[in-house]
Structure formats: C-alpha cells, structure tokens
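Asks: Handing you a structure now.
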Protein chains: 2
Amino acid sequence: MSSDLIQRLVTPAQTKIVMLIMDGLGGLPRQPGGKTELETAHTPNLDALAEQSILGLTIPVAPGITAGSGPGHLALFGYDPLQYEIGRGAMEALGVDFELGPDDLAARGNYCTVDENGCITDRRAGRIGTDINQKLSSLLSTINLEDAEIFVVPVKEHRFAFVLRAPGLDDALTETDPQRTGIAPLPIRALDDKSQKAASLVNQFIGAAQKVLESQSPANMILLRGFARLPALPSFQEHYGLRAAAIAVNGMYRGVARLVGMEVLPLAGSALDDEFAALEEYWERFDFFYIHVKQTDTCGEQGDFDGKVKAIEAVDAFLPNLLSLHPDVVLVGGDHSSPAVLKFHSWHPVPLLVYAPFVRPDGIAEFGERACSRGSLGTIPAVSIMPIALANARRLDKYGA
Amino acid sequence: MSSDLIQRLVTPAQTKIVMLIMDGLGGLPRQPGGKTELETAHTPNLDALAEQSILGLTIPVAPGITAGSGPGHLALFGYDPLQYEIGRGAMEALGVDFELGPDDLAARGNYCTVDENGCITDRRAGRIGTDINQKLSSLLSTINLEDAEIFVVPVKEHRFAFVLRAPGLDDALTETDPQRTGIAPLPIRALDDKSQKAASLVNQFIGAAQKVLESQSPANMILLRGFARLPALPSFQEHYGLRAAAIAVNGMYRGVARLVGMEVLPLAGSALDDEFAALEEYWERFDFFYIHVKQTDTCGEQGDFDGKVKAIEAVDAFLPNLLSLHPDVVLVGGDHSSPAVLKFHSWHPVPLLVYAPFVRPDGIAEFGERACSRGSLGTIPAVSIMPIALANARRLDKYGA
C-alpha cells in the first residue's frame, strides 16, 4: 500500500493506541510435536485478551526473509523496510543511544592489532576488554578535525561506534577493513562525488587515530566499516497525526523510535516495572505508545527456551496494568522471530493480536503461533499493522465515494 | 497481480459466471460475544452452497482502509482501486444514472444562499426540498454556453450533479465552495495548463447561473466541487473476454458497471424479484452477470441490524432461482463492510464464497464472517476475485511452459 494513501486519509481523533512489542517473539518447538516458547508460556491475561481480539501472523520484510531489528521495527511502525534502510554504522550508533542527527555519518569501528609494517595481525585485537576499549575511545575522542566534529563511543570488547558530524557528508564510502590479516587497513575511497568530503575527513581521522594509538598494545589501530547516514523518514506526527512515545531500554530501539519522530520516555530503571510505570505516568500526553521488551529476544538468541518462556510470562503479568488505562487499541506482537532452538533471528512469521472495540473477534482464547495462524487477520505484512491500528482507532477516513 | 497477465492468459469458453454482491455485506456483532448480521441471518440456501464451496475474506483496497462504493466495486471487478480513481464529481453523476462519457467533466453541486454582497450565508440554502431543487435545476439547464453542453441533474435536497461536455476538458480545478460562510464563492482556477479550457467554461457557467438564480430565495447561488472525469479502463470484453451484464437498481452501481463495459440490463421494477427475473431473462446472452443488492448496505448505514439480517435472508431465498440456471461459477460477496453498529462503511474484511465444479470444497456449511475466516481462500485482496473466478470458469490458460 502506498503510505501516501494513509497520510491522505488520516483524520484526528482522541483515541489511544498501545503497541506492545516482545522482541523476537516468534519461536519454534523445542522438539518435534512440541510447543513453541509462546505456546508453552502460561499467559492467562494474553489468552483472555486474545478471545476478544483478532489474531494473525506478521511477515516483517518478505516471506523467507530474516529481519534484523532495524527493518523489523520499521515495518512495525509502517515504513517499508525495503524502501528505508538503516545502514550498519547507523545501527551501531543507535545501539549505544547516540542521538544521530541529519549531519551525522556513522560507522562500525573495531580496535585491531597491526605489526611494525602496519599490516593487520588481529582484526579484533584479541577481543580486548571493554574497559580498555573505553580508555582508547577517550583517547580517540581528543582528536580534532578542522571541518568536522567526531565522536567515538565504546560498544563492547573491541567494538566502537564512530560518528563524523559535518554538513554535506554522504555515505557512499569503501571500508578500511580488508576482512583478512597480513595486509594494511585500506584507505577510504568515495564511490561518488557527493561522498568526497566524507572520504577526506574520515581518512584524516584515521591518520590521526594511528598516531594516537601507535604506542598502545595490543590495540594499536582501528578498522571502520558500514558507513551510513540515517534515512529521512516522515515522522509519526506528519504521517499518522499521532503524538507518539517510545518506552524502551536498549539504545537501538530508542534510536529507531527517535528516527520516526517518537519521544523517547525517560525510565527510572531497566525493568519491566519501570517500562509500565512510564506508560502510566505519560498516559495523558500521547496518542501512541510503543513498548519494547528485550528479554524475549535475548533468551532466544542465547538458546534459552525456558528463559524466553519466563520472559513472556513476565510480560503477561503486566497486561492488566496496561488494560487498566483503557487504551482504544492494543497491539501485541514482535519485530521478528528468535526461536531458542535456532539461537538467532529467524524468518518465521510473528504472532499478532489486535484488540479494539470494533474488531470482529475470532474467539480464539489463546495467544500462540498456531492459534494466530487460525486468526482472521491471516498472514499479513507487518507494514499493514499500523493501518489496521489506525482504522480501529477511528483515525482513517473512507477512501473514495 | 498485473492485470496485463490476466489479459494475456484469457481464453474463450462457454462458461457462465454470476457475481452476487450484497452491498456492505460484512458486519459486526451487536454486542460483545454476539453474532454479526450475516451470522444471525437464517440462510439455509447459502449455508448449503457454502459446504460445497471455498470460503474466504476479501480486503477491498488495503488492510485497514475503509472503501467507498466506487473503489469497492472496481476491486470486485478486478481493477486496482488505487490505480483507477473515480473522483467525487463523477460518482455524483453516476449516482443519478447519468451516462458519463469521455468528453464529460462532472462536479458535485450545492444550492446555497448568498447575501446582497454575494457572500455565502448558508452553504446548503436551508436544505431546500428536492422539488425546489428540481425547479432550479430546470432553470439552470436552460443556460447555453458557446463551446460546451451542460447538464444539471437534481440529486436530493440542495445537492445536484453538474456535467460539462466538450472535447479537451481536464479536471485539475480548484473548487468554488470555500467551506465556510461570510465570504463569496471562489472562482475556479486551473491547476495545470490542460485544465485551462475547463476552468474558463465552468466560470462562464457560474456567472450565468448567478444571473438565473439571483431572484430566487433562499437558494440564489451554487457551489461546485469535486471536479472529475471518468478514468479510462480496459473493458470486461477486452480485459477478460467476457460479455458482461449488470443487474443493479441504483445509479452509482449501474454507472461503475457501465464504466467497465458491462451492459446495464433494464429492470421491470426495483425489487429483488425484478433483479432475478432479469438474470433469467438475459441468461443466454451474457457470460458474466453482476447482481447488486443495495438493501444490506442501506440498513447497515442506518444502524438497522435486524433490517440487514432480513435483507440477507431475502437474498438467500432467491438463491435457488440463481442455481436453477446452472451457472458454472457463483461468487457471493460484498464491496465492503457496513456494520449496523457503526452505521457506516468500515474496514473489516468481507465474506466471500466461490462455488464451482472444480473448487476443493472447504466443507464449512455456513456462510458467515467467522466461517469465512476459516476458509481455504484465506484473507485476500478483492482484486484477486476475478482471476479466481476466471480460472474456475476454465477461462485462463497456463502461464509459462
């Protein structure tokens, strides 16, 4: 569907929508014939809500495609993830809660080890501790370029986020990481004219970084890859007429929410408790709330089937708090699947529940993958979720006479 | 799906297809946990047919989008309603059964009241009676323009349809209705060069209308908006190789059918009886019959749950007449939902039944929203209905070797 169509049909209303996202929600049975994580979880509140809701399965990007968190979330928010791409460098910066702006060019950085000839001997510098990374990143942050600001933000072990800030930077750049040892890091080359300025500034920074790090050991050099700017997206306000708030602990999700113009709410802590407290506290001030739960995905990626079951049950326990606010539309779903048996994101469709006063309830009293596959929503692209939510919130006019 | 593909694969056959459309068929339960209008209706004939059919739900335009009757019908007929738009003026003219042609530019008209300075005091002239409207429209019809024909057709109360006929008219025009009182009607402006001729002619007409009406009270001026030409569509004959007939009482549906090249059959009266009599009478002369039932939508929009139930039961009673003609394919569905509880068109998917000798029957002996959501057709775009019908009518060749 053309997203212009939605923008054209949007009409004001006083209704409130809550989108509760359990990251990596979809799963797989632990053994043949068994139940998935969600089907195993004891979820009396979600099951009761499911009975009054419509159910379905969502496809984040396209059938068979395993979505990263960036595209998975863009689709949830109604932006075609094949049209809007968030590059790896930008994702890395968002992941450390860096507030990327329109003049920023971001990259993924590695500390590495080079020999006396400048040739790489270890692309990850022996996976140095995060504390060493922090010290080195402080050193690099002292570098001054004449025409740009630079930011070096430690991530974990040997990884850091690099951001160059100046007007007129473009991101068609080659990478410095040759992906093998025995040769020197490659110089950055611009792949088009608009990226010449960025190439020159990044190369200046790399030259300065080499000098700053040369006496360090084992991390005495850097590698940069995945140069990316943020895509320019219409905001939730202009696109949907929604004042939208994001409740998320992890930087990447906060960053993607900020990218679509949501206000990221401050949290007292990183527990579910804190997330749902923020929902209550800010309830009057917004039309749309995105709540992100990370633990489901973390357990899925660790292969921790039981942990993922518990994480789902913990969310279920908070559902009455959410419902007590009397939202007009409640969406419960995920950005992609992360089955514990795969220890990774996967391509499997993701369960979705839509609760609203004017749905035509499926009467299926269970929230699970197989239950959702019997729901009347069918198996739909995740980008359809927002139009369905807006319709149920009575926020879309009729198309045509 | 590309409609070019269908046109390329169409192959002649002797089979007959009947598409029975209950306008606004889809509904909602009257109270939580209850049944919809269709589920409430006693429909022994539809239920028996359902058991031998495949069932599904159709999405007229896109998930979450509430379709008007124009786009809803274009989709049923297999034309992408986002690609082909029927503007509001054209819909108004079709609605009074005006036979719009390729040289026609149509608009929605209002009779209004202006004061001695020409400023609007009532945009609807106190909602004058339709009889006064008819008298005024006759007066306006006497206006002569040098380079164009004009038609002024009364609709209801203060509303009329205006049609300007001349070669080379385009419809990128501003509107005269300022949408508020206290100021004069706005002159028409062309928004592109191709619409200059139309702007000049419409302004001439408005000037003449002002003179004709100035001594009238309270309706002494007109407002025009929604200028539109009909889109050019490939006809049913060229697109599908079908000689198609339309059986419909109301002008708008007759108009959309005419737009896609159907022959609109004459009816002895406006009852269901007359519609099914026409089906029988013209049975040998066409390959495809579209039968439109308006009463379901009328009751839905009036919030008359029981009336809609009765309207569905009335159609059910005629089903044996239809089946006695031995059609090869029977489609029963709707152009959109109109739940009585919403008193309006809605975004909810619409029940569909496809009966043909070579369907793989779902064996679900009920025609209702929830029954259809369990059907093997799934939840599909309404534009897919025609290809499925053609396939079951053995009217499509294989694609590729």
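Asks: Does the range B:86-98 include one or more residues that are open to solvent by 40 Å² or more (accessible area, probe 1.4 Å), within 14 Å of another protein chain (Cβ to nearest Cβ), hydrophobic (A, V, I, L, M, F, W, C) and in a loop (DSSP other than H, G, I, E, B)?
Replies: Checking the range B:86-98: at least one residue is open to solvent by 40 Å² or more (accessible area, probe 1.4 Å), within 14 Å of another protein chain (Cβ to nearest Cβ), hydrophobic (A, V, I, L, M, F, W, C) and in a loop (DSSP other than H, G, I, E, B).
Asks: From the list B:ASP131, B:ASP104, pick out the single residue that is charged (D, E, K, R), closer than 15 Å to B:ARG258 by Cβ and more than 9 Å from chain A (Cβ to nearest Cβ).
Replies: The conditions single out B:ASP104.
Asks: What about B:GLY207, is it at positive phi and of a type in the set (Gly, Ala, Ser)?
Replies: no
Asks: Ok, one more. Yes or no: A:ASP274 touching a Ser or Thr at 6+ places or on another chain (Cβ under 9 Å) and on the phi < 0 side of the Ramachandran plot?
Replies: No; evaluated as a whole, the condition is false for this residue.
Asks: Still on this model: I want to confirm something. Restricting to the range A:240-260 and keeping residues that are modelled with pLDDT under 95 and of a type in the set (Gly, Ala, Ser), which single residue is surrounded by the most Cβ atoms within 10 Å (Cβ to Cβ)?
Replies: Once the filter is applied, the top-ranked residue is A:GLY255.
Asks: Return yes when B:ILE128 is aliphatic (A, V, I, L, M), out of contact with any Leu (no Cβ under 6 Å at 6 or more places or on another chain), assigned to a loop (DSSP other than H, G, I, E, B) and within 26 Å of B:GLY168 (Cβ to Cβ) and no when it is not. Don't jump to the end; show me each part of the working.
Replies: Details: aliphatic (A, V, I, L, M): yes; out of contact with any Leu (no Cβ under 6 Å at 6 or more places or on another chain): yes; assigned to a loop (DSSP other than H, G, I, E, B): yes; within 26 Å of B:GLY168 (Cβ to Cβ): no.
No; evaluated as a whole, the condition is false for this residue.
Asks: Only one of (1) assigned to a loop (DSSP other than H, G, I, E, B); (2) under 17 Å from A:ALA90 (Cα atoms); (3) not acidic (Asp, Glu) is not met by A:LEU145, so which one is it?
Replies: (2)
Asks: Next question. Could you check the range A:109-125 and list, in sequence order, the residues that are open to solvent by 40 Å² or more (accessible area, probe 1.4 Å) and either on the phi > 0 side of the Ramachandran plot or part of a helix (DSSP H, G or I) (or both)?
Replies: Residues satisfying the conditions do not exist here.
Asks: Having 3 or more residues that are within 11 Å of another protein chain (Cβ to nearest Cβ) is the bar; report the helices (runs of 4 or more DSSP H) wholly within the range A:298-401 that clear it.
Replies: Details: elements: A:305-323, A:369-373, A:385-392.
Where helices (runs of 4 or more DSSP H) fall fully within the range A:298-401 and carry at least 3 residues being within 11 Å of another protein chain (Cβ to nearest Cβ), they are A:385-392.
Asks: Only one of B:LEU139, B:LEU105 is exposed (fewer than 15 other Cβ atoms within 10 Å of the Cβ) and either at pLDDT 95 or above or closer than 19 Å to B:SER200 by Cα (or both). Can you tell me which?
Replies: On the way: B:LEU105 fails: exposed (fewer than 15 other Cβ atoms within 10 Å of the Cβ).
Selected residue: B:LEU139, the only one of B:LEU139, B:LEU105 that is exposed (fewer than 15 other Cβ atoms within 10 Å of the Cβ) and either at pLDDT 95 or above or closer than 19 Å to B:SER200 by Cα (or both).
Asks: Name, by its number, the condition in (1) free of Cβ contacts under 8 Å to residues at least 40 places away in the same chain; (2) in contact with a His (Cβ under 6 Å, 6 or more places away or on another chain) that does not hold for A:PHE358.
Replies: It fails just one condition, (2).
Asks: Quick one: which helices (runs of 4 or more DSSP H) sit completely within the range B:1-76 and have at least 3 residues that are surrounded by fewer than 24 Cβ atoms within 10 Å (Cβ to Cβ) and more than 9 Å from chain A (Cβ to nearest Cβ)?
Replies: Fully inside the range B:1-76 and qualifying: B:3-9, B:44-51.
Asks: Mind checking which residues of the range A:261-314 are open to solvent by 50 Å² or more (accessible area, probe 1.4 Å) and closer than 13 Å to A:SER338 by Cα?
Replies: If the condition is that a residue be open to solvent by 50 Å² or more (accessible area, probe 1.4 Å) and closer than 13 Å to A:SER338 by Cα, then A:LYS294, A:GLN295, A:GLU301, A:GLN302, A:ASP304 are the ones that fit.
Asks: Please enumerate the residues belonging to the range B:164-185 that are farther than 14 Å from B:CYS112 by Cα, open to solvent by 20 Å² or more (accessible area, probe 1.4 Å) and assigned to a loop (DSSP other than H, G, I, E, B).
Replies: If the condition is that a residue be farther than 14 Å from B:CYS112 by Cα, open to solvent by 20 Å² or more (accessible area, probe 1.4 Å) and assigned to a loop (DSSP other than H, G, I, E, B), then B:PRO167, B:GLY168, B:ASP170, B:ASP171, B:ALA172, B:THR174, B:GLU175 are the ones that fit.
Asks: Out of the range A:243-272, which residues are out of contact with any helix residue (DSSP H, G or I) (no Cβ under 7 Å at 6 or more places or on another chain) and without any contact (Cβ under 8 Å) to a residue 12 or more places away in the chain?
Replies: Answer for the range A:243-272, where residues must be out of contact with any helix residue (DSSP H, G or I) (no Cβ under 7 Å at 6 or more places or on another chain) and without any contact (Cβ under 8 Å) to a residue 12 or more places away in the chain: A:GLY269, A:ALA271.
Asks: Now for a different question. Report yes if some residue within the range A:142-163 is open to solvent by less than 50 Å² (accessible area, probe 1.4 Å) and in contact with a Cys (Cβ under 9 Å, 6 or more places away or on another chain); otherwise report no.
Replies: Yes - at least one qualifying residue is present in the range A:142-163.
Asks: While we're on this one: Can B:PRO327 be described as touching a strand residue (DSSP E or B) at 6+ places or on another chain (Cβ under 9 Å) and buried (at least 24 other Cβ atoms within 10 Å of the Cβ)?
Replies: No; evaluated as a whole, the condition is false for this residue.
The values are calculated or read from the model by the stated rules, or taken from the named source; none is laboratory data. These numbers come from a predicted model, not from an experiment. Positions of Cβ are generated from backbone atoms using ideal geometry, with glycine treated the same way; all protein chains shown enter the neighbour counts. Please note that ligands, DNA and RNA were not included when accessible areas were found on the heavy atoms of the full protein model with its side chains. Shrake-Rupley method; radii C 1.70, N 1.55, O 1.52, S 1.80 Å.
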